[in-house]
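Below is one structure, written out as structure tokens, with a few remarks after it.
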Amino acid sequence: MSRANLPEDRDFAISGLHRLCYYLQYRENPAKSGSTNDVMEKLRLKFSQKPWSETMELVRLSMVRIVMKSVLLGRTGPLAATMNKLSLLSNRKGLNYYVSPSGAVCYITSKSFYIEIHLETDGKVVDVRLAHPGKKPLTCEDLLQLLRMENFDAFGNMVADMLNIYQIPGSSETKSKVFAAFLALEKDLCSLSALSRTPGMDRVTEILCGKVGYLNPRSGGSPMNLEFYLSQYQILEEQLTPGLKIDGRKVLVIIGGADAVHRLPLAPSLVNSPTDGDGSPRFLPLKEVISAPLSACFFLMFYQNCPFPLSSSSIHKLQELTGLPVARLKPGPLHELIVQFALSENHPHGLITSTSSFIVSLPGCPKHSYFLDKGIEKSDTAGAMVKKIPFTHPKCVPDMIEVLRRQAAYNTLISSCVSETTECEDSSDLLHFDVVQQKATSFSVTFQHPLEENLACVMVDVLSSRDVICTLHTHSEDGALICSNDYLTRVLKRCMSIPVLMRAIFKKATQQKAEETSLSKDGACEENCKDQQVEHNQQ
């Protein structure tokens, strides 16, 4: 075919494309198709600027689609039912759907990946293969099991998750580079996880101490996730219930579009040799690694895309580590954000309250009333809700995880003072506590001295997720509480609960009072015995 003949052939192909597209549109929705001339004019304008090769490929695919639809419409039975469900699912997700000439294999395709589904004549799914840019199709067990269970809704959700991985504008070549960068990141994170793992390390220890937490690799449409924090109650519950696995706080590892261009590594950059002298992993300089400028960056996204409260200090630290700004969805006083987050976790549909007072019940002591001072939106006590944190290099992740762990520990302590109960019918026996944020990672709990008239105060400083310090302060005129700071720190580390810590203080005070009373009685008895002895000697 000569170049001179291309325009005529192109017009012929476009004309055929118009007819095919109109035919499909009419078959699927005849009531809204409009006149033939109107539809053809819209299609002519739409495809007139398309490259010749793309136009011809679209004609071919449209013809295949018509033929396979005709084949499916003429079929009945389990195989046709399965294929019809997959076809409807693909249309809902905005994906293309094709069937092989043999009718035994169907394809769900996008610009960034395709899924190959092999079926038997009775509709049974034999294999499901997933192919990413530049990679051969491999069996995906997660997708296979979902289709074998006929769980089409879950299958569709997983496919939607895969689409979210590729929310990057650009050509197929750009998307291929983006996926290469994503694979390189995942390999480096897996290496980091293995680097910090020691023989015999259990899952809980890895969550709390591993460089990237406990890593769950990407599977099908489920992104890689890093589990980085478990509360003490979650750990205890898991230990007391064999076989139970409780999900801790986690972030998903994803890649997405960015407003600016960032140079991302397209190959793993973690050095296999030992770590540096300070124990930090060694990475090759970016100039020594294959990389490319892309309008994309990596993200740590909080699980289920649920915004998480971070202090302004934590946000600033993350921005220093990554060199990228963190989007703040809802700035405000940190304690107010933590309260709303804690309530929303227990009530997925939302429990709205403007109160700052909560009643907490514990066995073995009177009820506690906690007032959480919200403070003002100043820099050292403010915070914001954050959905995801951008970064461009895997070397940032261990330090980012440590920042998130520390914040999770702080949030856990404040959340321990929050409950659904905000009022108490009988307030005569309530123990009252005021919780006030002092700095980004410290707060005070003020209460009536158990044995005196003045107030006492406990300062709590969260140095890290594994290091919390308690300091008890009393009035100089009051007698000392026999309750050392070391004891309080051990209690808090063991429970990570302010109400449990306060109960321990009041129990110690009760014991102290009983001992003092006993000593007083013993002293009085001894003095009485001495008086009687003196009187006897005088006689």
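Restricting segment 147-176 to residues that are among the hydroxyl-bearing types (Ser, Thr, Tyr) and either part of a loop (DSSP other than H, G, I, E, B) or at pLDDT 90 or above (or both) leaves a set whose member that is nearest to Lys124 (Cα to Cα) is Tyr166. Number of residues in segment 427-462 that are open to solvent by 10 Å² or more (accessible area, probe 1.4 Å), closer than 22 Å to Leu208 by Cβ and either assigned to a loop (DSSP other than H, G, I, E, B) or in contact (Cβ under 8 Å) with a residue 24 or more places away in the chain (or both): the value is 2.
Checking every residue in segment 301-324 against the condition of being among the hydrophobic types (A, V, I, L, M, F, W, C), modelled with pLDDT under 90, open to solvent by less than 70 Å² (accessible area, probe 1.4 Å) and under 27 Å from Leu431 (Cβ atoms) gives zero matches.
Figure legend. Inter-residue proximity from segment 183-196: first residues free of Cβ contacts under 8 Å to residues at least 12 places away in the same chain and open to solvent by less than 50 Å² (accessible area, probe 1.4 Å), second residues small (Gly, Ala, Ser) and part of a helix (DSSP H, G or I), beta-carbon distance below 6 Å, spacing 6+ or different chains. No pairs are indicated.
Taking segment 358-381 as the search range and keeping residues that are in contact with a Leu (Cβ under 6 Å, 6 or more places away or on another chain) and not polar (S, T, N, Q), which one is most open to solvent (accessible area, probe 1.4 Å)? Result: Lys367.
Taking Glu227 as the residue in question, decide whether it is open to solvent by 80 Å² or more (accessible area, probe 1.4 Å) and farther than 19 Å from Ser176 by Cβ. For Glu227, the condition - open to solvent by 80 Å² or more (accessible area, probe 1.4 Å) and farther than 19 Å from Ser176 by Cβ - is not met.
For the residues Leu130, Leu143, Leu215, the requirement of being of a type in the set (A, V, I, L, M), part of a helix (DSSP H, G or I) and in contact with a strand residue (DSSP E or B) (Cβ under 8 Å, 6 or more places away or on another chain) singles out Leu143. Residues that are in a strand (DSSP E or B) and open to solvent by 10 Å² or more (accessible area, probe 1.4 Å) were ranked within segment 466-514; the one that is nearest to Gly364 (Cα to Cα) is Leu472. Of all residue pairs spaced 6 or more apart or on separate chains, those with beta-carbon atoms under 6 Å, a first member in segment 393-419 that is within 23 Å of Ile498 (Cβ to Cβ) and a second member that is part of a helix (DSSP H, G or I) and among the polar types (S, T, N, Q) are Val403/Ser314; Gln407/Ser314. Evaluate the following for Ala342: is it under 17 Å from the mean Cα position of the chain (by Cα) and modelled with pLDDT of 90 or more? Yes; evaluated as a whole, the condition is true for this residue.
So how many residues does segment 234-253 have that are at pLDDT 90 or above and open to solvent by less than 40 Å² (accessible area, probe 1.4 Å)? So the count comes out to 6.
The values are calculated or read from the model by the stated rules, or taken from the named source; none is laboratory data. None of these values were measured; they are calculated from a predicted model. Heads up, the Cβs are rebuilt from the backbone with ideal geometry, glycines too, and the neighbour counts pull from every protein chain shown. Heavy atoms of the whole protein, side chains included, go into the accessibility calculation; ligands, DNA and RNA do not. Shrake-Rupley method; radii C 1.70, N 1.55, O 1.52, S 1.80 Å.
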